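Here the structure is laid out as structure tokens; the discussion comes afterwards.
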Amino acid sequence: MNHQLSQQEIDAVFENLEQGKAKGPVDHGVRFDFRRLDRIAKSQLRAIHLLHDTFVRNFGSSLSAYLRSYLTVNLVSVEQLSYSEFLEGLPSPTCITSLGLRPYEGNAVLELNPSIIFPILEMLLGGTGKSPAVLQREITEIEQNLLDGLFRIILHDLKEAWKGVTSIDFNIEVMEKEPQLLQVLAPNEAVVAVGVEIRTGDSTGMMNIAMPAIIIKMMRHKFEQQWSVRRAESTESEQERMLRVLEGACVELDSRLEGAAIRVEDFLKLREGDLLEFDHPLQHSVHCIINGKPKFQGQVVCLGHKKAFRLE
């Protein structure tokens, strides 16, 4: 116990410490977060983003027609969270429901903020939905019944959007007013949270959807089939559909004699009766420009009392 270290022994200790730092930390094994067992791949997450982008467009049209008023619906976010993190981001009180996912076992969650529910209820009762007052209270049973039509539209458009991947029959099983009372999933269970913004007039609110990640992982092969079919589907039917969409679009046609150049000084001196020479032989074709890009070649001709362009 009374042994004293020599200077050589002290130097050896510090030398060993410096060598250990140079080698860096030693990894004694593989680390794995058991709380994130059901996280899905980023490619599948992007596919879900595209799927709900389609849902948002259809839902915006359906809701505007149902309420006979113009509303905008935007997809805000698609991200992976734990169920407890999802619930913590919701307001209280609110309108939150548990959705059955037949034929799959398990439940999804659908939440509508009061900041958009009450303006929608006002429009359903004949109002404009532009009341400046923001109500932060629980909805009543009568108001729940009035919202049945709204939920039917949401579930129908969700079903149609998911039909490209798999057939899911969404149905409401339970409706609550406090997020913490709807414990349909374990707190650490991973979910895919979809945030949708609904805007009408001066009122803006969120609709939030949470799908269990484990169920989405079960559909991985269905997502792969969908995108492989879509990549090979650039067929005549798809081209005809795109053509029907584009038929009503307008394009701007223009034909120009290009090649001549003039200084600004000379341009400002031009008067009525002056003659300009274009360095463009008559036998050469003229470009037909569509929306600013040369597309066809031809000649400028007369058609009755008007000028026309004949394609070559």
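The numbers here are math on the coordinates, done by the rules we state, and not lab data. Given the structure is predicted, the values throughout are model-derived calculations rather than measurements. For neighbour counting, all protein chains shown are included, and Cβ atoms are generated from backbone atoms with ideal geometry for every residue, glycine included.
Peptides 152-162, 180-190, ordered by how many other C-beta atoms sit within 10 Å of their residues on average, highest first, read 152-162, 180-190. Report the charge-dipole magnitude of the stretch 36-235 in Debye, nearest 20, computed about the Cα centre from +1 at each Lys and Arg Cβ and -1 at each Asp and Glu Cβ. Magnitude of the dipole: close to 820 debye. In plain terms, the residue of VAL194, VAL174 with the fewest other Cβ atoms within 10 Å comes first and the most crowded comes last, giving VAL174, VAL194.
The listed peptides 86-93, 241-248, 271-278, ordered by packing as a protection proxy, come out as 86-93, 241-248, 271-278 (highest mean of other Cβ atoms within 10 Å first).
Residues LYS217, LYS130, LYS42, arranged from fewest to most other Cβ atoms within 10 angstrom of their Cβ, appear as LYS42, LYS130, LYS217. Residue order for LYS306, LYS163, fewest other beta carbons within 10 angstrom first, comes to LYS306, LYS163.
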